[in-house]
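Notes to accompany the following structure.
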Amino acid sequence: MSTPIRVEGLSKRFGEFEAVKGVTFTAEAGSITALLGPSGSGKSTVLRVIAGLDAPTSGRIWMGDEEQTFKTVQERRVGFVFQHYSLFRHMNVAQNIAFGLSVRKVPKHDQRKRVDELLELVQLSGFRDRYPDQLSGGQRQRVALARALAPRPKVLLLDEPFGALDARVRQDLRRWLDDLHRELGVTSLLVTHDQDEALELANRVVVMHEGSIEQVGSPNEIYNDPATAFVAGFVGSASVLHGHVVEGHVQFGEHRVGGAGHLEEGTEARAFVRPHDVRVFAGDRTGGSLEATVERITTLGWLSRVMLRLPDGQVLTAELPNDELEGVELGARVWVDLRRARAFQARDAVTAAIVADG
Amino acid sequence: MSTELRTPRLSGSARRLLVHGGFTAIAILYVGVLVVAPLIGIAWAALRGGLSTWTATLSQPDVVHAYVLTGIITAITVVVSSVLGVVVALVVARDRFPGRSLMSAFVDLPLAVSPVIVGVMAVLLFGRGGWFEPWFSARGIQILFALPSMVLVTMFICIPFVIREVVPVLQELGVSEEEAASTLGASSWQTFLRVTLKNIRWGLLYGIALTTARAIGEIGAVLIVSGSITGKTETATLYILRAFDQNHRPGLDRPARGYRGVQAAGGEEAADMTCGGIR
């Protein structure tokens, strides 16, 4: 049941607009691969081209050893889950799930057996006679998943499957999908703009931006070792500090942070600092700390988000556990340590900064 | 001031009730007077002379022929305009090609053209000297004053109904269910039958109902192309028009002369008369 998906040099134009620009990646057999990117990055187009719903302008698609590029959508045998469920509104749950079997002329008896199996799998056994408009969003998406899985597809393609659901249901379904995938082991490709979803569910993440791939890696690599300024800004939150490269550091005002060893001396650079990599102290403990003023404190439950103004006017965001807030109050002068930063050339970082702020 | 404030006035809820009741009364009156009353009136008039008068009228050969003819025209029109209507609706709702909006506008044209003009257009095309006349007469096929032209003008007039009912439904549906069906292995034909057709069925049925009603009731265009020859090309509606005319307006024969003349002369001569009369 595990077939890898290989996409080579895939491009897709819509008239003048180049939605996908030569994308190449592999979704490993039996794993979950996430295509992560902001809306308009071309990730859904890639998925639709793999499914055969859209034809590529150029490039090739493989599933296992079989090339799929010129096959019809029906021949590809993919399971596709749409963002807005796309259940057949005039069919009940059982008929929806059985659709892919009945169009392939599977005997009625086997259809029924498979439907029962899947209803149990998606925990909707009591709902077989309900119609889609009698189900909640989460239930509908589970039916859609069961329907996609019924004909035993070679791969499962999920297009923003939880995008239309509210936060709590999304959390539950994400965990449930994770369990389900462990059980089935079907190669899955998940399109999402939600970084938490990608980082939590996927074995590998493909970050896309403006039709191209920015980085491919494990969730850890993507988060801790972003390859481009865009990834640094898009995945996780980060403060962006403007400065110049001095001796492998980004220097701004009187201070500097590391992580710019790969950049040319003297050029403009941007340092990306994660909020949890910022330490805030009421007094100068290390002697080399940055001075800052507390501008705003917002509570995030057990964490607090502290907005700090640096002496040169730049803004830095820190997130601290509430019990480390002692002496950190509105208007107070504090000292800041930056544990880690990632530096990028200024010109690469412009778009990333826009994403990070937004 | 304070006394003025205390003057009794209708409370908000009472006023709402009054407005609501008023609208309901207007709606009932409007539909009742304009639709229900005439229906009751005609049913009463038909059965006034007893059931035997009614059955005797309905069993006259000319009447039976007229109803059968109306049935044939309606059946052909409904089948053709449903099938082609759905095809056109799919094209208008789904395809993007230059001239699409022009085509969408042309679909409504029959609604804007007077049926009499539709009849005249058919006569001009198929009558003596018309574009298509030589081809058909060379093969001995009678178009005018025969079933083909009657079906043709009825179909023309009924073009918009199915299309106008189905296009908005298709647009609202989008293609997502059809895409889902195709990923599940359904062929285009299976998708159409099991997904698209099921989803548009109410709109389609309503369009068919409108088409049927219009095909039965059409008079102007059919009158001109058929000549209304009793026992040959007289439909039920034309029969009723003639019967009504004879019974109720014996002195007033001017407006009726056109089709009576056609009826008397019949055939090819009638075509000249009709065309001449219109020109």
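Every number in this text was worked out from the coordinates using simple rules, so none of it is lab data. As the structure is a computational prediction, the values presented were derived from the model and not from experiment. Cβ placement follows ideal geometry from the backbone for every residue including glycine, while neighbour counts extend to all protein chains displayed.
What the table shows:
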{"read-out": "Region A:249-309 versus region A:174-232: alpha-carbon centroid distance in Å", "value": "28 Å"}
{"read-out": "Student exercise, region A:235-357 dipole from Lys, Arg, Asp, Glu Cβ charges, in Debye to nearest 20", "value": "220 debye"}
{"read-out": "All-pairs alpha carbon distance profile, chain B, 5 Å steps from 0, percent", "value": "1, 5, 9, 11, 12, 12, 11, 10, 8, 7, 5, 3, 2, 2, 1, 1, 0, 0, 0, 0"}
{"read-out": "Peptide-level mean, for B:184-192, of C-beta atoms on other protein chains within 10 Å", "value": "6"}
{"read-out": "Reachable lysines, given that their alpha-carbon falls under 18 Å from the alpha-carbon of A:Lys154 and they are not under 8 places away in the same chain", "value": "A:Lys71"}
{"read-out": "Protection proxy ranking of A:123-134, A:334-345 - average other beta-carbon atoms within 10 Å, highest first", "value": "A:334-345, A:123-134"}
{"read-out": "Convex hull volume per residue for region A:5-230, taking Cα atoms only, in Å³", "value": "127 Å³"}
{"read-out": "Gap separating the Cα centres of region B:18-57 and region B:209-244, nearest whole Å", "value": "24 Å"}
{"read-out": "Likely footprinting exposure, A:Phe82, A:Phe230, fewest C-beta neighbours within 10 Å first", "value": "A:Phe82, A:Phe230"}
{"read-out": "Burial ordering of B:Asp245, A:Asp110, fewest other beta-carbon atoms within 10 Å first", "value": "A:Asp110, B:Asp245"}
{"read-out": "Gain upon complete extension [A:Val315, A:Asp172; 0.36 nm per residue less C-alpha separation]", "value": "47.9 nm"}
{"read-out": "Theoretical ellipticity at 222 nm over the protein assembly as shown - DSSP helices of four or more residues, -39500 (n - 2.57) apiece, nearest 500", "value": "-15000 deg cm²/dmol"}
{"read-out": "Pairwise FRET efficiency - A:Glu18 versus B:Val36, Cβ, R0 = 60 Å, nearest 0.05", "value": "0.45"}
{"read-out": "Kirkwood Rh in Å, taken over region B:15-119 so that all alpha-carbon pairs contribute", "value": "19.3 Å"}
{"read-out": "Average other protein chain Cβ within 10 Å of Cβ, residues B:170-181", "value": "4"}
{"read-out": "Cβ charges +1 (Lys, Arg) and -1 (Asp, Glu), total dipole of chain A, debye", "value": "1900 debye"}
{"read-out": "Top positive-direction residue, dipole computed over the protein assembly as shown with Cβ charges, set A:Leu290, A:Leu338, B:Val118", "value": "B:Val118"}
{"read-out": "Under 5 Å, built H, 5+ apart or other chain: amide partners of A:Ser212", "value": "A:Lys21"}
{"read-out": "In Å, descending, principal axis extents of the Cα set of region A:114-175", "value": "31, 28, 19"}
{"read-out": "Extension gain (nm, one decimal) between A:Ser125 and A:Glu28, 0.36 nm per residue minus Cα-Cα", "value": "31.7 nm"}
